[in-house]
Amino acid sequence: MIWLAVLLPFLGFLVNGWLSFFRPDAKRAVSVIGVGVLVASFISALAGVVGLAGAVHDAPYIVHMWSWMPVGELQVDLAFQVDELSAVMLMVVTGVGALIHVFSVGYMREDRSYPRYFAYLNLFVFFMLVLILGANFPVLFIGWEGVGLCSYLLIGFWFDDEAKATAGKKAFIMNRIGDFGLLLAMFMIFRAVGSLDFLEVFDAAPAAFVTNGPEITLITLLLFLGCIGKSAQIPLYTWLPDAMAGPTPVSALIHAATMVTAGVYLIARTNILFAMAPVSGAVVALVGAVTALFAATIALKQWDIKKVLAYSTVSQLGFMFVAVGVGAYAAGIFHLVTHAFFKALLFLGAGSVIHVMHHAYHHTHSGEDAQDMRNMGGLRKFMPWTAAVMWVATLAIAGVPGLSGFFSKDQILAEAFARGQGAFLFYVIWALGAVAALLTAFYMTRLMLYTFHGPNRTGEAEAKQLHEAPWVMTGPLVVLAAGSALGGFLNLPHVLPGAGWLEHWLKPVTEGSVPYLSEAHLSAGLEWRLMGLATLIAAAGMIAAWYFLKPDRLGAAKAAPAEAGVQRVLLNNYYVDELYNTLIVRPTDWVSRKVLWRIIDMGAIDGAVVHGAAKVSRLLGWIGTRFQTGNLGTYVVLFVIGVLFVLSAVAG
Amino acid sequence: MLLGPALGVSAILFSIGVLGVLIRRNAIIIFMCVELMLNAVNLSFVALAQQLGTDGQVFVFFVMTVAAAEAAVGFAIIIAIYRHKETLDLQNLNLLRG
């Protein structure tokens, strides 16, 4: 059944791709196929997962398709691995993916490239499934690169706008930096173990590597470099905010719920390698914690509703890396799942808002920015459903007790705190995460206040056009809201009854790393106190936002004064983009233009090699023409010399 | 028999022919020198045929036939060149210079 789940989105891609060329107006057919394959894929994945849960097995199911690269020692099969971890990812990708496909039917209805959009989206799901189901590193890598390609195609979906096409290129190029690390890690693993199959590598790892040795540390750091690129962590995070140039459902699916979490998945998958390299684990956790805080501060001051969510995603991904860095793999995957629910919901809700705002501005031919929160305000009167479900997601991400985000985030912080007894660094990481959680509550409340509360700032004529989004868009939101609210019950804290279901479910995947991880145990009292603190943090963030922010006094975007001081620094992402441009992009550009192009390409390659070859053959030709005197005597002399030469050769 | 002297005469005739082609400029003289070389070869064929069977003599007939055909075509060309250029000096016939 599992191969069907993978194949269906690919068929959808082929059919929709065909339609985009030959029947670009067949929107009804595209909707049915594009959404249908995802729903069918979800059902067959569900059947597979139910089968997995019901079966007694002591090893993951491997579905062999065919032998792909049999080269000497290197035996790579195209094979899928179905185990507890890929089952969780499978549910998230096909489930959330199907909801977002449904939403897209409404969101993209009036786009002229409608079939192309669904073709790309189907292709993305196909590659994402290859990524999470691959039974060895090369198959994972196909998916890894494939989702990068689809991300590029969908960020630059409206490629006639140059800024959007550039954002796509930026995402693609920054991901290449990470992929280079992943490739090197694969090479090193093959050199050490002689295999690239997950099962063989993880079985052989305890014997092949020295715990905390330089080799395993380097391998895991290189793997983490891949994760940094794909999951937008410091220092390669700047592509994700720019990726908001793509259609909003794309941001929800690729840049919040699935693709960007691939890095977390990779670390959870290779958990035994990371457990054997505690230094790398600490680096992962530290980078995650710093990113979580850093991105949260930037999100405080963004006006573009999608940019807030983008930085929020970077920040939440940081939390996940804290979890997998400290060795709490189940907690990381738990947050991945809950985040997929509430962040997809937030993005789709923002998509509804943008959709409606865009319509209103389009109606009055106003050139105002439909994504700027300063132009919104009071939208809850026009869009009650969207406002309600987005509040659910906001409360979840802020960490209000009972909702999914509270449990997952609290678990990550508790796991980090528990390891603080072993090394002080983990207390620092915990503190960074706690402050980031406070800021999360603040900036999400800010987003909600400015968007849905206070007076409406859209404009008199435009306000008449505001209305709730169609049901095809709000329907998926309601389903996701249920997930955001109840997702926490997947993995309740230890002190509650029915605790740790997901942790128990993932045990077969993570148990190999247990002997290498330091024992981390919190007393029940401490756990309750940490939960209380988390509640306090969430409440403090939200109340502070409510108290300090005055949506009543906010003016529309065109009348807004320019920010100054710290606010301006935050609005401009700490000028990191400018820093990268000055330090890396422009020098690279200069070297490419002046040295590589002018000197190496035009001088050495064109001048010496290409033109040189032409000159040599012309010279040889010129020498040849000197023999052609047109004078019979010359020919005869040469002829006789030749004959004498042959004769002497024969005689000699 | 007379094999040695016959081959010697053949060699001398052939060398004269080669030298003539090399040295002379007049097209007709060069042509005659080519004929001389052909007949030098004929002579050696005949001489050797005395000892090795009649194959060589058959070849002589081939050579004479080719030489006759060559003479017919060659003189026709020479006449055409002369009508066109009013000279047979090969120094002046170098249209094919590269």
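For residues that are among the hydroxyl-bearing types (Ser, Thr, Tyr) and more than 16 Å from A:Leu336 (Cβ to Cβ), tally how many sit in the range A:233-270.
Within the range A:233-270, residues that are among the hydroxyl-bearing types (Ser, Thr, Tyr) and more than 16 Å from A:Leu336 (Cβ to Cβ) number 4.
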| field | Candidates B:Leu48, B:Leu95, filtered to the one that is part of a helix (DSSP H, G or I) and without any contact (Cβ under 8 Å) to a residue 60 or more places away in the chain | value | B:Leu48
| Going through the range A:134-145 one residue at a time, which ones are out of contact with any Leu (no Cβ under 7 Å at 6 or more places or on another chain) and crowded, with 24+ Cβ neighbours inside 10 Å? | A:Ala135
| request: Identify all residues within the range A:446-500 that are among the aromatic types (Phe, Trp, Tyr) and in contact with a Leu (Cβ under 6 Å, 6 or more places away or on another chain); write none if there are none. | output: A:Phe452
| said: Condition (residue is open to solvent by less than 10 Å² (accessible area, probe 1.4 Å), farther than 22 Å from A:Trp144 by Cα and in contact (Cβ under 8 Å) with a residue 60 or more places away in the chain) applied to the range A:263-271: is it met by at least one residue? | reply: no
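So which residues in the range A:494-509 are of a type outside the set (A, V, I, L, M) and over 28 Å from A:Leu99 (Cβ atoms), if there are any at all? Explain how you work it out, then say what you get.
Narrowing the range A:494-509 to residues of a type outside the set (A, V, I, L, M): A:494, A:497-498, A:500-501, A:503-505, A:507-508.
Residues satisfying the conditions are A:His494, A:Pro497, A:Lys507, A:Pro508.
Does the range A:597-652 hold any residues that are assigned to a loop (DSSP other than H, G, I, E, B) and either within 10 Å of chain B (Cβ to nearest Cβ) or at positive phi (or both), and which are they?
At the first step, the residues of the range A:597-652 found to be assigned to a loop (DSSP other than H, G, I, E, B) are A:628-631, A:652.
Correct list: A:Gln628, A:Thr629, A:Gly630, A:Asn631.
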| request: State the number of residues belonging to the range B:53-98 that are away from chain A (no Cβ under 14 Å) and either closer than 18 Å to B:Met32 by Cα or not small (Gly, Ala, Ser) (or both). | output: 27
| said: Anything in the range A:63-86 that is open to solvent by less than 60 Å² (accessible area, probe 1.4 Å) and more than 16 Å from A:Gly143 (Cα to Cα)? List them, or say none. | reply: A:Val63, A:Leu74, A:Asp83, A:Glu84, A:Leu85
| query | Taking the range A:608-649 as the search range and keeping residues that are at pLDDT 90 or above and polar (S, T, N, Q), which one is farthest from the chain's Cα centre (by Cα)? | reply | A:Ser648
| task | Report yes if A:Leu517 is in contact with a Ser or Thr (Cβ under 7 Å, 6 or more places away or on another chain) and modelled with pLDDT under 85, otherwise no. | result | no
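Does the range A:1-55 hold any residues that are of a type in the set (S, T, N, Q) and surrounded by fewer than 23 Cβ atoms within 10 Å (Cβ to Cβ), and which are they?
Taking the range A:1-55 first, the residues of a type in the set (S, T, N, Q) are A:16, A:20, A:31, A:41, A:44.
Matches in the range A:1-55: A:Ser20, A:Ser31, A:Ser44.
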| query | Which residue out of A:Gly555, A:Gly532 is closer than 22 Å to A:Asp369 by Cβ and either touching a residue at least 40 places away in the same chain (Cβ under 8 Å) or open to solvent by less than 60 Å² (accessible area, probe 1.4 Å) (or both)? | reply | A:Gly555
| said: Of everything in the range A:203-250, what is open to solvent by 20 Å² or more (accessible area, probe 1.4 Å), touching a residue at least 12 places away in the same chain (Cβ under 8 Å) and more than 25 Å from the chain's Cα centre (by Cα)? Give them in sequence order. | reply: A:Pro206, A:Ala208, A:Thr211, A:Asn212, A:Glu215
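The values are calculated or read from the model by the stated rules, or taken from the named source; none is laboratory data. As the structure is a computational prediction, the values presented were derived from the model and not from experiment. Note that each Cβ is placed from the backbone with ideal geometry, even for glycine, and that neighbours are counted across all protein chains shown. The protein model used for the area step is the full one, side chains on, heavy atoms only, and it has no ligands, DNA or RNA in it. Shrake-Rupley method; radii C 1.70, N 1.55, O 1.52, S 1.80 Å.
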